[in-house]
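Everything below concerns the one structure shown next.
The values are calculated or read from the model by the stated rules, or taken from the named source; none is laboratory data. Note that the structure is a prediction, hence the values are computed from the model and not measured. Cβ placement follows ideal geometry from the backbone for every residue including glycine, while neighbour counts extend to all protein chains displayed. For accessibility, only protein heavy atoms count, side chains too; no ligands or nucleic acids. Shrake-Rupley method; radii C 1.70, N 1.55, O 1.52, S 1.80 Å.
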Amino acid sequence: MDWQVSAEDQEIFARELNSFVPDRLFDAHAHLYAEDQFARDRPGWLTDGPKVAGLAGFRARMDQIHPGRHVDGLFFAFPHLALDTDRANAFIAHEVRGTRSRGQMLIRPEMDPEWIRQQVREHGFVGLKCYHIYSPSKPTWEAPVLDYLPAAHVRIAHEERLSITLHMVRARAMADPVNQQQIRWLCERFPDMRMILAHAARGFNPHHTVEGIGALQGLTNVWCDTSAITDGGAIEAIGRTLGASRILYGSDFPVTHLRTRCVALGDSFLWLTPENTRLDASYGNIRIALAGIEELRALKLACLHLGLNDSEVEAVFHGNAAELFPE
């Protein structure tokens, strides 16, 4: 049922979300891709998904999640060890050129900083996207930030006034002292760089963001996107600690079209899927919604608990990003 919008998905949106989601959105975390960018071991979600998803394809698919909304976005390639990074970055630049949408350049830690600067200027990128799988540290899930986001790359972002989308790792994410220290150091050392902490400061286990987000108080160049977050606790903690103006709606397309939900378990988390979850419990007919629907439900709960008014909700979905990436 991945990539298939069910009647239950549509019913949930109509009942719970249609009156909440504004007419105009800026998706601050989404991937555009083409199948032939992957040399081998292609991502599993490509099996049932579209082989090419440019800007038009993204909009068509997201219209299945939040119908009738106009959506622009901040796009970058889907990080993968088999990805042809140069081709993928060129694809992003081509798709967003001349539109209100923006692109970030997917980078690897071994890239020459001045070459990154040249590529940013040539292609019109507004930021950089790093990812832990390119870290020399093993296992990469425990890599410190500076192993896959070198300070020399952040200096370029500072000098060019670029954003950086950071999906931190390490077991306890924002609650990890090494992550706290390195993120704060980078933001203070390079104040004209704009740091976007992906996945609500990797709040897949919201308790980690609740515990650790206070370490970033006082920084003026930190935002957090809501991509792939299906529990509102981490978003609430960010809103209460950094302010609602620092929350950016993000979908993590194409994750939106997978039938899954992330839940905190102990000091970690698990993505529930029809394959790893018993759906035949005696207390009801259990159906897993698309991740994009669960993300919007979590964001709605967070906004309600934060007491946001309509204009503040619209800012989360569009206005905050519009200030970060002006026309």
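Overview of results
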item	result
From phi via Karplus (6.51, -1.76, 1.60), per-residue ³J(HN,Hα) for the range 170-180 in Hz, x at Gly/Pro	6, 4, 10, 6, 5, 7, 7, x, 5, 4, 4
Average silhouette area of the range 1-128, convex hull of alpha-carbon atoms, in square nanometres	8.7 nm²
Under-5 Å amide H pairs with residue 29, H placed in peptide plane, nonlocal only	74, 251, 252
The chain - accessible surface per residue (Å², probe 1.4 Å)	41 Å²
10 Å binning of all Cα-Cα separations within the range 17-60, expressed as whole percents from 0 upward	21, 43, 25, 10, 1
The range 254-320, accessible surface, carbon-and-sulfur percent (1.4 angstrom probe)	54 percent
If the convex hull is drawn through the Cα atoms of the range 139-184, its volume per residue in Å³	67 Å³
The chain - Rg over Rh from alpha carbon coordinates, Kirkwood radius	0.94
Ordering of 137-146, 223-232 by packing [mean C-beta count within 10 Å, highest first]	223-232, 137-146
For the range 116-204, fraction of C-alpha pairs farther apart than 19 Å, in %	35 percent
Compactness index (Cα Rg / 2.2 N^0.38 Å), the range 174-301	1.14
Summed side-chain charge close to residue 8 - residues other than residue 8 whose Cβ falls under 11 Å, Lys, Arg +1, Asp, Glu -1	+1
Sequence-distant residues sharing a close amide H with residue 164 (under 5 Å, placed H)	128, 194, 195, 196
Rounded percent of accessible protein surface that carbon and sulfur make up, the range 71-226, 1.4 Å probe	52 percent
